[in-house]
Amino acid sequence: MGPPPPPPPSSGPRRGPPSRRYSSQYGSPNQPPPLSPHGDYGPLADSPVLIVYGLDTKRMNPDRVFNVFCLYGNVHKVKFLKSKPGAAMVEMGDGFAVDRALTCLNTENFLFDQHINVCVSKQKVIVPGQSFELDDGSCSFKDYATNRNNRFTNVKQAAKNRIQKPNNMLHFFSAPPGIGEEVFHQISDKVDVKRPKSVIFFSGKGGSKGNQGEKSSSGLLEFESKCDAFEALVMLNHYRIKNPDGPDLYTLKLCFSTA
């Protein structure tokens with residue numbers, strides 16, 4: 001008798017039909033979507049459409065929903081549901097965005113005293129349908145496919161984003177140069193959210209406080225609680241601030257900080 005046959009290989013080519021993990025939204029099985037710029041996330045969802053529940057009907061609208069979900073991927077459409085008060089559908093650009101949003105937002109988050117819950121919709125696309133007027137007078141549907149505030153429009157831009165779960169610290173950028181913390185107090189009061197308990201400005205190239213001499217300013221906003229920071233982000237992300245030293249308007253951008 002000769003030696004026994006070698007053991008079967010521990011791994012090998014996968015057998016069976018091609019994977020159906022990728023729907024037509026993300027490409028065919030033979031052509032999966034491009035790699036995520038953030039390696040911890042993958043296109044786990046069967047649909048690019050999310051449903052978010054627990055929205056304050058008096059304070060939330062499509063723009064404020066966009067302010068949250070744009071942190072995790074490109075947002076194409078937002079549609080509030082008339083049949084389900086406090087619920088809205090959010091169509092994301094790809095499966096990576098869906099996975100990031102699910103991972104980061106389903107972590108016991110409360111917004112305006114209501115528990116936020118996010119899940120994947122069975123629908124593959126948002127159909128505008130018949131829109132209606134929300135409590136604040138805005139339209140229940142909005143298309144953001146070409147919105148310049150989407151932050152994942154190319155791989156280089158996407159890689160700059162800080163993917164974080166909600167916490168009590170916000171990173172701000174694209175603010176007017178030379179502003180002080182009183183500006184953040186003023187705009188917080190104007191939109192009826194809690195003021196940050198501290199404002200930290202990142203120094204410019206010359207080490208000047210508040211980025212004086214720079215084209216824009218950036219820094220950190222620390223809040224007493226995660227809820228306070230979450231509400232500030234909803235209301236102040238993409239808030240337009242006038243340059244105190246000129247006629248230009250700056251679009252304030254916020255995200256949750258890694259600090």
Computed lengthening from Asp56 to Leu220, 0.36 nm per intervening residue step minus Cα-Cα distance:
56.4 nm
Simple spin-label estimate for Lys165 and Lys242 in nanometres, 7 Å along Cα-Cβ
4.2
For Glu182, Glu108, Glu231, write out the residues from largest to smallest accessible area, computed with a 1.4 angstrom probe and no ligands counted.
Glu108, Glu182, Glu231
With a 1.4 Å probe and all protein chains in place, put Ser83, Ser218 in order of accessible area, largest first.
Ser83, Ser218
Heavy-atom accessible area of Leu105 with all protein chains present, probe 1.4 Å, nearest 10 Å²?
0
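Counting only heavy atoms of the protein chains, get the accessible area per residue of the range 45-92 (1.4 Å probe) and round it to a whole Å² value.
30
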Under a 1.4 Å probe, counting only protein heavy atoms, Val65 has an accessible area in Å², nearest 10, of 0
Suppose accessible area is computed on protein heavy atoms with a 1.4 Å probe; arrange Arg59, Arg162, Arg195 from highest to lowest.
Arg195, Arg162, Arg59
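The values are calculated or read from the model by the stated rules, or taken from the named source; none is laboratory data. Computed from a predicted model, the values in this text were never measured in an experiment. Cβ sites come from the backbone with ideal geometry, for glycine too, and all protein chains shown count toward neighbours. Please note that ligands, DNA and RNA were not included when accessible areas were found on the heavy atoms of the full protein model with its side chains. Shrake-Rupley method; radii C 1.70, N 1.55, O 1.52, S 1.80 Å.
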